[in-house]
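Following: one structure in structure tokens, then a few remarks.
The values are calculated or read from the model by the stated rules, or taken from the named source; none is laboratory data. This one's a predicted model, so the numbers in the text were calculated from it and none came from an experiment. Neighbour counts are summed over all protein chains in view; Cβ atoms, including those assigned to glycine, are modelled from backbone coordinates with ideal geometry. Note: areas computed on protein heavy atoms with side chains; ligands, DNA, RNA excluded. Shrake-Rupley method; radii C 1.70, N 1.55, O 1.52, S 1.80 Å.
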Amino acid sequence: MALRDFSHDVSALALNTATLGHNIEDHGAGWPVEKVIDACAARGLGGITFWRREIGTRAVEIGDRVRGAGMEVVGLCRTPYLTGAEAPATLDEARASVEMAAALGAPVLTIVTGGTEPGTKGVAESQKRLAERAATLAEFAAPLGVKLALEPLNPMFGGNRTCLFTVSDALAICETVGADNLGVAVDVYHVWWDTGLATALDTAGGRIFGYHLCDWLENTTHMLLDRGMMGDGVADLKAIRAAVEGAGYQGACEVEVFSARDWWQRDPGEVLDVMVERFRTCC
Ligand code: ZN
């Protein structure tokens, strides 16, 4: 199947508001949600992915506003950690994040797993517990119409932030759980190095629930907050998208650029303009 042609069509492009610094307190230009929605609609984007901290108690209102502007809510970031020392003792907050996604009309809620379980070494035991908790959460989310996307992270985030490093492992957990609404989010930043990605995606079936765009800067200066805009780094964006679309994915391409030293310093209008241009030419 031929790759989708984005050179004159940005309807598959979505903004993850982290690209404007909106996921972290005291970062970004501080645009209100309404202004972000209008700026995305004006540029012809297909949708937006939000972070829970932006939504608060306004999920229904914000979701309606996005749809009223002719776009879709693509997703919500994210559940609290399900494993590791920082994971809440119960799934209550995770269930609340599912309810927020449902109220917002976000079809997909991302799971960043959390780190290695206290008292264990490696990732095998943590992945077992992750599967149990993801199964419980998926059962809760199904009747609310919310899909859960396990997002494997770059291995450098192992320890305190994730116990899931590859799409292959994420798909294995989906297989173990066997819930229709549990799948995987593929993020360029986390998978660009993985020479087994295309092979893993061959077995994905319909389990790819999200595709996140950015770039890996050749000389990155911060592992969390120095992502590159598409085209500025060394990730093979076309090859990754070919693998993702080869697995049947035809959904939104969500730009997620955490960039404290560069893009978050710029006017959001400029960031969005560059994002659109790079999407059309580099992705
Ligand atoms: Zn991501």
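Remarks
- Put a plus charge on the Cβ of each Lys and Arg, a minus charge on the Cβ of each Asp and Glu, and nothing anywhere else: the dipole of the chain about its Cα centre is then about 240 debye.
- Net charge dipole, the stretch 127-283: roughly 340 debye, given to the nearest 20, about the Cα centre with Cβ charges of +1 for Lys and Arg and -1 for Asp and Glu.
- Over the chain, the fraction of Cα-Cα pairs per 5 Å bin, rounded to whole percents and listed from the shortest bin up, is 1, 6, 13, 17, 20, 19, 14, 8, 2, 0, 0.
- Estimated from the Cβ-Cβ distance and a Förster radius of 30 angstrom, the FRET efficiency linking residue 51 and residue 2 is about 0.35.
- Carbon + sulfur, % of accessible area of the stretch 13-282 - ligands and nucleic acids excluded, 1.4 Å: 50
- According to the Cα-based calculation, Rg over Rh for the stretch 59-126 is 1.15, with Rh computed by the Kirkwood formula.
- In this structure, residue 270 and residue 11 have a Cβ-Cβ separation that, at R0 = 25 Å, corresponds to a calculated FRET efficiency of about 0.70.
- Positive-end extreme of charge dipole, the stretch 13-282 - chosen from 153, 201, 216 (charges on Cβ): 201
- Relative contact order, whole percent, for the chain stands at 20, derived from Cα pairs under 8 Å and 6 or more residues apart.
- C-alpha center-to-center spacing [the stretch 21-91, the stretch 107-180] in angstrom: 21
- Kyte-Doolittle mean at least 0.0 and Cα axial length at least 30 Å: DSSP H helices in the chain: none
- Cα-centre dipole for the stretch 61-125 with unit charges at Cβ (Lys and Arg positive, Asp and Glu negative), debye to 20: 160
- Straight-line cross-link partners of residue 121 among the aspartates and glutamates, defined as a Cα under 20 Å from its Cα and at least 8 positions apart when in the same chain: 86, 132, 169.
- Placing a pseudo-label 7 Å from each Cα along the Cα-to-Cβ vector at residue 250 and residue 25 gives an inter-label distance of 4.4 nm.
- The ellipsoid equivalent to the alpha-carbon distribution of the stretch 137-207 has semi-axes of 22, 15, 10 angstrom, derived from the gyration tensor eigenvalues as √(5λ) and listed largest first.
- Length gained on full extension, residue 34 to residue 121, computed as 0.36 nm times the residue gap minus the Cα-Cα distance: 26.8 nm.
- For the chain, the antiparallel share of DSSP beta bridges with both residues in that region comes to about 5%.
- Computed over protein heavy atoms with a 1.4 Å probe, the accessible surface of the chain works out to 40 Å² per residue.
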